[in-house]
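Below is one structure; the comments refer to it alone.
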Amino acid sequence: MKQGTRPSRTSAWLVAALLFALCAAVLAQSGAESATPASPGASDAKAPAGEPSAQKPGEGQPQELSKEPKPPGVPVIVDGREIMRIYTPAGPYTAEMRARGLEQKLAVLGSDPSYDEKELTMEEDNGGTEFLYRGLPMGRLTDEDAKAEGFSRKEFSDNILKIAKETIRAYREEHSAQAVLHNTLFAILALATLALVLLLTRIGHRWLEKQVDRWCEKDGWLGRRSTLGVLGHVHLVRVVLFCLRLFRLALALVFVYIALAAVFSLFPWTRELAVILADYGLAPVKALWGGFLKYIPNFLFIAVVCVLAYFAGRLLKWFFDRIGEGEITISWLDPEWSGAYYRILRTFVFLGVAVIVFPYIPGSSTPAFKGISIFLGALATFGSSTSVSNIMNGLVLMSMRPFHTGDWVRVGETEGKVVEVSLLVTRIKTPKNVIITVPSSLIVGSHILNYSEEAKSGPGLVVHTTVTIGYDTPWRQVHELMIGAARLTAGILDEPAPFVLQTSLDDSYVSYQINAFTREACDQPRLYGELHQNIQEAFNAAGVEIMSPAYHAVRDGNTVTIPEGQRPAGYEAPAFRVNVKES
């Protein structure tokens, strides 16, 4: 397989070169065969070599005629070649009728086997010049026709006679059986070469597909998973193969186009089609190339602005990276928000570049371009209202700085650790390892609880929990047990010391709230769990039940719920008083 690959590719390039050379030769041959002196109406009125010059004095050509605008004339065309233009009517015949009549008569002469070039003459009279063949009139040239071309009538008639003879001679040669056979052989050779080129293009395409597949299987740049990124191995292969198919199709269309234009130019009956194909093919290329040359200064200006913007972006990135790493300190600029500041300023740089280069973009002043710009602007306005709202609220958060990355916060119903802060959203990680994305607009519109602010810079975060104990347990004992349990909890500060608050005196129990200080705000789930364990252990060891009693009591005969140490001296529980009613 490898031995046959290189010859196939070499043959493909050789055949392609052969096709282009053949087409060029055919076009050159057809151009040489059809080359005739330009008619006065299709040129700058230059006389052919050997004829009297239009600029010689005494020939009757006023110099000022060349400055006058030429009236629109009707061309006389024979076999695709323009011989002259007729500008004025003559007697009952309009300029169009005169041109068509002369065309028909010249075409008849080209097809006449007995045609004799010497019999085609011009004869002058007082009113004009007669176009004669064997003494029979074919057309008439007037002074007005000659003046419209900037010639005297004598010069004009001599030029037209020479052009007409050469045109008829070329017409007879191209329509001869020998020329048709010769051109047919050239056409067959061109089409055969085209078929061979298309075949070799197909073979080369298959070879490239196999090579791409081999490259993908190897550990090269195309096979590395890190390079592929999101696309993936299989998807990248499909993209490459699709691009190869498009290239093959475009190449085949170019070859077919060139071959058809060359073949059509060989025959006089299809030469107009060749001209049309050439115009359709070359007109866009010429327009693009002309536009490119015209806009080269604009492209240079756009390139300079883009280069300056690129280095400005690099400078901004370096500056804000240093701020984020703490190497540069600015009092009003938080290092945590350095990335957001960089993105904002980079966006402004891009917008500024867009505003500056927009007038220099090719086609920016056309109605179509303006319409697309208005449509995209409206689409961005109505489709990004939420994003713009989040960006503005993100700017508010940047100025407020209610929290930082790593803080333990509560926003609305969401509580957890802040893992990412940006203009649009803030990401919070809950104690259950769930990442919740909160839009900036929702954060600004909600109350924010920051548990880490005082834990880091103040006396500490107060963790607290409440237990309810019956009235029969002394409150001092409850305080001592709860404070001791708090001191045994890892992460609770000794100073400030824990304290207990009795938050309520309910009907059947008292609410005791332990308050302890900590600097581990992000460790609250563990702190509360361990604190509850220690409270339970302390109360069990002291024989105090943690419960909230509910009484359904008859007060007579029940011991009061006042702690025993605080009861009156000699207190005894009263007996039940029972009244028995005899029936």
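The values are calculated or read from the model by the stated rules, or taken from the named source; none is laboratory data. Please read these numbers as outputs of a predicted model, since none were measured by experiment. Virtual Cβ from ideal backbone geometry, glycine too; neighbours counted across all protein chains shown.
A few remarks follow.
- Selection count, the range 446-476, where residues are part of a loop (DSSP other than H, G, I, E, B) and free of Cβ contacts under 8 Å to residues at least 12 places away in the same chain: 1
- Hits in the range 389-409 - residues which are exposed (fewer than 13 other Cβ atoms within 10 Å of the Cβ) and among the aliphatic types (A, V, I, L, M): 400
- Residue match in the range 245-262 (condition: more than 22 Å from residue 202 (Cα to Cα), β-branched (Val, Ile, Thr), out of contact with any Phe, Trp or Tyr (no Cβ under 7 Å at 6 or more places or on another chain) and modelled with pLDDT of 80 or more): no
- Residue that is modelled with the highest pLDDT, among those in the range 108-164 that are basic (Lys, Arg) and surrounded by fewer than 18 Cβ atoms within 10 Å (Cβ to Cβ): 162
- Enumeration of residues in the range 335-378 that are over 18 Å from the mean Cα position of the chain (by Cα) and of a type in the set (S, T, N, Q): 338, 365, 366
- Selection within the range 86-109 - over 60 Å from the mean Cα position of the chain (by Cα) and within 14 Å of residue 167 (Cα to Cα): 105, 108, 109
Quick grid of which residues meet (1) among the small types (Gly, Ala, Ser); (2) assigned by TED's automatic domain parsing to the domain that holds residue 317; (3) touching a helix residue (DSSP H, G or I) at 6+ places or on another chain (Cβ under 6 Å):
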position: 343; (1), (2), (3): no, yes, no
position: 352; (1), (2), (3): yes, yes, no
position: 356; (1), (2), (3): no, yes, yes
position: 368; (1), (2), (3): yes, yes, no
position: 390; (1), (2), (3): no, no, yes
position: 393; (1), (2), (3): no, no, yes
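- Only a single criterion out of (1) crowded, with 16+ Cβ neighbours inside 10 Å; (2) of a type outside the set (Val, Ile, Thr); (3) touching a Gly at 6+ places or on another chain (Cβ under 9 Å); (4) under 21 Å from residue 387 (Cα atoms) is not satisfied by residue 427, namely (3).
- So residue 443, is it touching a Pro at 6+ places or on another chain (Cβ under 7 Å), in contact (Cβ under 8 Å) with a residue 24 or more places away in the chain and either farther than 19 Å from residue 410 by Cβ or assigned to a helix (DSSP H, G or I) (or both): no
- For residue 130, the test of being under 25 Å from residue 88 (Cβ atoms) and more than 60 Å from the chain's Cα centre (by Cα) is passed.
- Among the residues of the range 329-354, those identified as surrounded by 12 or more Cβ atoms within 10 Å (Cβ to Cβ) and outside any helix (DSSP H, G or I) are 333, 334.
- Contacts under 8 angstrom Cβ, first residue in the range 122-147 being assigned by TED's automatic domain parsing to the domain that holds residue 87, partner acidic (Asp, Glu) and in a helix (DSSP H, G or I), 6 or more apart: 122/158; 128/143; 133/119; 134/119; 146/155
- Of all residues in the range 503-536, those satisfying the criterion of being assigned to a helix (DSSP H, G or I), exposed (fewer than 14 other Cβ atoms within 10 Å of the Cβ) and over 60 Å from the mean Cα position of the chain (by Cα) are 533, 536.
- Inclusion of residue 301 among residues that are more than 23 Å from residue 400 (Cα to Cα), hydrophobic (A, V, I, L, M, F, W, C) and either out of contact with any helix residue (DSSP H, G or I) (no Cβ under 8 Å at 6 or more places or on another chain) or assigned by TED's automatic domain parsing to the domain that holds residue 440 (or both) is not warranted.
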